[in-house]
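Right, one structure below, let's go through it.
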Amino acid sequence: MSQSPLYKGSLITIVLQLLQKEGAMYGYEITQKVQKLTKGKLDIKEGALYPLLHKLEASGHVTVFVKKVDNRVRKYYELTAHGTQETATKIQELQAYIQMINRLVNLKPI
Amino acid sequence: MKKLTAAHIDVLYDFTRKHYVLHYDLQTELVDHLANGIEKQWARKEELTFENALTIEFKKFGVFGFTEIIDKRQAAMHKRYLKIIGKHALQFMGSLKMAAFMLFTAVLILFTTNVPSGTLVMYGLGFAGYVASLVYIVVNMRKYRKKQEQENSKRWMFEELIVNYGMGTGVLGIPYYLHVTTFNHAMDFTAPSTFESYFIAIWTALTVVMFYLVCIEIPKMAGNYLAAVYPEYAVAK
């Protein structure tokens with residue numbers, strides 16, 4: 001499933017929704033949470049996750065803070081008000097897309 | 001559960017540096033990620049060596065390693081920096097400085113349109129100023145890098161962008177470059193048209209403002225911007 005191109009366009013929605021539900025999270029935690037929720041069927045690649053998080057940070061959809069944990073510094077991402085609005089928009093878009101594909105695949109009349 | 005020691009964390013920082021992650025901000029995030037992965041592996045198989053666990057974790061980043069993350073991080077930082085330039089430009093337009101800019105532009109236009117050979121002189125002055133600003137930026141960059149090396153300071157991507165991005169003012173030199181090359185005969189400033197006289201005056205004024213914003217005003221506020229961009233800046237310094 002992780003190799004499927006289908007999930008790539010949905011990654012931003014997955015991450016935003018996760019941050020909305022779980023609150024502040026760090027990169028590794030996001031990968032583990034997705035694996036757990038999908039029972040290991042979806043594996044978010046690090047090479048895709050971090051560029052996305054940095055893009056969301058630059059666009060003001062998320063804000064960051066750090067905590068010293070054990071011997072290291074951990075960076076957390078948290079949704080901003082702007083990010084919360086974006087999450088709602090992205091979920092609506094994804095739902096509309098799923099419905100459309102469903103109609104096409106099931107060949108139901110639109 | 002087996003945990004990484006401070007010495008292991010230092011090894012991870014070295015590892016990221018060896019894989020071309022030169023900036024502390026990104027290193028820190030990747031170090032934490034690798035550390036979490038290694039500790040998770042140890043939770044399953046405690047006898048696994050640190051080196052083997054690290055190799056397994058790094059493989060998860062794919063064949064290009066950290067390259068894509070570095071490139072995209074830089075692109076995101078550029079975007080953020082351009083927003084800051086835009087914010088300063090807007091503030092400039094809404095301030096008294098704008099009146100000074102308009103007055104300055106008007107003086108330059110009067111000069112290019114009324115003084116004999118004014119456009120040619122302005123072109124020469126503008127071009128010399130442009131070259132001088134590039135020299136100023138390059139010298140500044142070298143000083144910054146030398147200081148970084150001497151003090152063995154942590155490198156911050158956004159800080160380097162603020163110091164280096166003065167090179168962005170290079171874009172404003174395009175008219176001079178085009179004049180020297182492509183438009184050498186089309187825009188002859190020894191016998192300028194009204195358009196050319198106005199154009200060179202306005203462009204020179206814009207170059208001065210851009211230089212002021214990018215090389216003087218924004219670097220003065222670098223500390224504030226770095227603290228806003230990097231919450232880890234205060235922790236690391």
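In region B:110-133, the qualifying residues are those that are more than 23 Å from the chain's Cα centre (by Cα) and of a type in the set (Val, Ile, Thr), and the one that is surrounded by the fewest Cβ atoms within 10 Å (Cβ to Cβ) is B:Val115. Return a yes/no flag: does region A:20-40 have any residue that is outside any helix (DSSP H, G or I), charged (D, E, K, R) and at the interface with chain B (Cβ under 7 Å from one of its Cβ atoms). No, region A:20-40 contains no residue that is outside any helix (DSSP H, G or I), charged (D, E, K, R) and at the interface with chain B (Cβ under 7 Å from one of its Cβ atoms).
Scan region B:66-83 for residues that are more than 8 Å from every other protein chain (Cβ to nearest Cβ) and open to solvent by less than 20 Å² (accessible area, probe 1.4 Å) and the total you get is 2. Looking across region A:44-65 at every residue that is assigned to a helix (DSSP H, G or I) and among the charged types (D, E, K, R), the one that is nearest to A:Gln32 (Cα to Cα) is identified as A:Glu46.
Every condition in (1) in a helix (DSSP H, G or I); (2) charged (D, E, K, R); (3) facing chain B (nearest Cβ under 8 Å) holds for A:Lys68 except the one numbered (1).
Against the condition hydrophobic (A, V, I, L, M, F, W, C) and surrounded by fewer than 19 Cβ atoms within 10 Å (Cβ to Cβ), how does B:Val107 come out, does it pass?
Numbers: hydrophobic (A, V, I, L, M, F, W, C): yes; surrounded by fewer than 19 Cβ atoms within 10 Å (Cβ to Cβ): yes.
Considered against the rule, which asks whether it is hydrophobic (A, V, I, L, M, F, W, C) and surrounded by fewer than 19 Cβ atoms within 10 Å (Cβ to Cβ), B:Val107 comes out as yes.
Is it fair to say B:Ala201 is modelled with pLDDT under 70 and either hydrophobic (A, V, I, L, M, F, W, C) or over 27 Å from the mean Cα position of the chain (by Cα) (or both)? Spelling it out, it is not the case that B:Ala201 is modelled with pLDDT under 70 and either hydrophobic (A, V, I, L, M, F, W, C) or over 27 Å from the mean Cα position of the chain (by Cα) (or both). What about B:Lys2, is it touching a His at 6+ places or on another chain (Cβ under 8 Å) and either without any contact (Cβ under 8 Å) to a residue 40 or more places away in the chain or surrounded by fewer than 19 Cβ atoms within 10 Å (Cβ to Cβ) (or both)? So B:Lys2 fails the test. For the criterion of being aromatic (Phe, Trp, Tyr), within 14 Å of chain B (Cβ to nearest Cβ), closer than 22 Å to B:Pro231 by Cβ and open to solvent by less than 10 Å² (accessible area, probe 1.4 Å), A:Tyr50 passes.
For region B:15-35, a residue qualifies if it is over 18 Å from B:Ile56 (Cβ atoms) and either at the interface with chain A (Cβ under 9 Å from one of its Cβ atoms) or open to solvent by 10 Å² or more (accessible area, probe 1.4 Å) (or both), and the qualifying residues are B:Arg17, B:Tyr20, B:Leu22, B:His23, B:Tyr24, B:Asp25, B:Leu26, B:Thr28, B:Glu29.
Scanning region B:13-70 for residues that are more than 28 Å from the chain's Cα centre (by Cα), in a helix (DSSP H, G or I) and without any contact (Cβ under 8 Å) to a residue 12 or more places away in the chain returns B:Asn36, B:Lys40, B:Arg44, B:Glu51, B:Asn52, B:Thr55, B:Lys59.
Picking from residues in region B:36-58 that are open to solvent by 70 Å² or more (accessible area, probe 1.4 Å) and modelled with pLDDT under 90, the one that is farthest from the other protein chains (Cβ to nearest Cβ) is B:Glu47. Can you tell me which residues in region A:65-92 are within 17 Å of the chain's Cα centre (by Cα) and open to solvent by 100 Å² or more (accessible area, probe 1.4 Å)? Across region A:65-92, the qualifying residues are A:Gln85, A:Gln92.
Taking the numbered list (1) open to solvent by 60 Å² or more (accessible area, probe 1.4 Å); (2) under 27 Å from the mean Cα position of the chain (by Cα); (3) at pLDDT 85 or above in turn, B:Gly86 passes all entries but (1).
The values are calculated or read from the model by the stated rules, or taken from the named source; none is laboratory data. Note that the coordinates shown come from a computational prediction; the quantities given were computed from them, not determined experimentally. Glycine also receives a Cβ, built like all others from the backbone with ideal geometry; neighbour counts cover every protein chain displayed. Accessible surface is based on the protein model in full, side chains and every heavy atom, while ligands, DNA and RNA are left aside. Shrake-Rupley method; radii C 1.70, N 1.55, O 1.52, S 1.80 Å.
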